[in-house]
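What follows is calculated from the coordinates using simple rules that are stated; it is not laboratory data. If you're wondering where the values come from, they're calculated on a predicted model, not measured in any experiment. Cβ sites come from the backbone with ideal geometry, for glycine too, and all protein chains shown count toward neighbours.
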Amino acid sequence: MNMRLALLGSALLLGLRPVDNGLARTPPMGWNSWNHFGCDVSAQLIKETADAIVASGMRDAGYRYVVIDDCWQVARDRAGKIVADSVRFPGGMKPLADYVHSKGLKFGLYTDAGRKTCQGRPGTYGSEEIDARTYAEWGVDYVKEDWCNAQGLDAPTQYAKFRDALAKSGRPIVFSICEWGSNRPWTWGPKTGNLWRTTGDIGDYWASMISRVDLNTQYAQSASPGGWNDPDMLEVGNGGMTDDEYRAHFSLWAIMAAPLMAGNDVRTMSAATRDILTNKEVIAVDQDSLGVQGMIVEEPGPDLQVWSKLLADSSRAVVLLNRSALQTAISAPWWSLRIRGAATVRDLWTHTDLGTFDDHFSATVPAHGVVMARITPRHG
Ligand code: GLA
C-alpha cells in the first residue's frame, strides 16, 4: 500500500470520510476582510484588494479566494432573500463576483448558522436553502459559516443542513465551518465541510498566534485532502508582530497544512510582508499533495520545538521553532524525522541549499522565530 492510501485508510477508519464536494484537495488559499477591516467592507475595497492580489504576485503564488466576512448583509426581503448593504455594495454582489472572477480569482462570502451573525446581521438559520441558492446565483465560490446566536442549536446538524443546501445549489462552493472548536468539529468536520476552525479568534500578537498552534496541533489526525483543521486566518502584515514572528506564523501554518487566508491590507503592504506571503517554497509545503498535517517530533529544550511534515516526494518539511525570547541553536536529529543516512537540506527562507548531512541538522534560530527547511533523504 502506498503512503497516500495508508493515510486515507487511517482517516476512513476514524470515520472521517471527507465531504464529497471534490473541493479543497489542498488547503484553501486566499484573503478575508475580517482581521484588518472588521465591518469596514465595501465593493471598492474588494475590487482594490483583488487588483492588489494580482499586482503583488499573490495570485501567482496560489491565493485564490477573496472573501468578504461579516457586515456585508443588512436584511431579508419579503421573499426571504438576503439583501446586501446597497450603500457599500452598490449594484449588489453579482457584479462584484464577476469583477473578482475577471481577475482570475474566486469570490467568497460569510454567514452564520444561527439567527444572527456575530455583528447582528441576519443569519442563515431557517434560510439554508434560499441562501445557498442565492449565493450560487451570485457566483459565490466559498462560504464561511459562523456560530454566533445559535443557542439551543446542534452544530453538527446545522452545518450538515447547510452542506446539503450548498450541494443542492449545483455550484461547487468551498464550505468553511467556523464554530471555534466548541463542538469538537474535528470529529464531524471532515464529512461536513472543507475546513473547520479549531480555535477562538486569533489576535495580532505572538502569544495569541502560538496558542492557536498549540490547540490546532492536537487534531492533526483529522486533516486530509478535502478537509483541513483551521487555526484561523493569517495576521501577517497587520503590524502587531515582528517580521521574525510573522515568518514563524506563516511557517507554522504551512507545516500544519492550514488554510492560508491572508488578513492584511494587501494594497499597502510592505515588501517584507509581501515576501513572507508569497514565499513559494513555504507555500509548496502547505499545498503538498500528500495532505498531511505536520507535527512536533522533538522538544530539545523548554520553548524549543522541531516540527516535521512528510511530503509527497518523501522529503520532510522541518520547522525549528524558538518560542523563547533568546536566540538559540536548535538541532533536528534524523531519528526524530525518521531519516536514515545522508540527506540534503534546503533553507526555505534564505532559498539556499545548505549541503548534505548525515545524522542531524542544526541552526541558530532567532527569538520568537523559525528556521524552515526541506530535508530530502538520498535514499527514499
Ligand atoms: C467571529 C469569527 C471571526 C469573524 C467574526 C465576524 O468572531 O470567529 O472570524 O468572522 O465573527 O463578526
Among the residues of segment 34-44, what is the count of those that are without any contact (Cβ under 8 Å) to a residue 60 or more places away in the chain and within 11 Å of the ligand (Cβ to nearest atom)? 2
Those residues of segment 117-137 which are assigned to a loop (DSSP other than H, G, I, E, B), touching a residue at least 40 places away in the same chain (Cβ under 8 Å) and away from the ligand (no atom under 16 Å from the Cβ), in sequence order: Ser127
Among the candidates Ala97, Ala50, Ala84, single out the residue that is surrounded by 21 or more Cβ atoms within 10 Å (Cβ to Cβ), of a type in the set (Gly, Ala, Ser) and within 21 Å of Cys148 (Cβ to Cβ). Ala84
Taking the criterion of being in contact with a helix residue (DSSP H, G or I) (Cβ under 6 Å, 6 or more places away or on another chain) and within 16 Å of the ligand (Cβ to nearest atom), would at least one residue in segment 207-216 satisfy it? yes
Of all residues in segment 144-183 being part of a helix (DSSP H, G or I) and within 16 Å of the ligand (Cβ to nearest atom), the one that is surrounded by the fewest Cβ atoms within 10 Å (Cβ to Cβ): Ala155
Would you call Val213 touching a Ser or Thr at 6+ places or on another chain (Cβ under 6 Å) and over 15 Å from Ser56 (Cβ atoms)? no
Answer from Gly227, Gly237 - the residue that is small (Gly, Ala, Ser), under 15 Å from Asn32 (Cα atoms) and touching a residue at least 12 places away in the same chain (Cβ under 8 Å): Gly237
Considering residues of segment 184-203 that are surrounded by fewer than 20 Cβ atoms within 10 Å (Cβ to Cβ) and more than 12 Å from the ligand (Cβ to nearest atom) only, the residue nearest to Tyr65 (Cα to Cα): Lys191
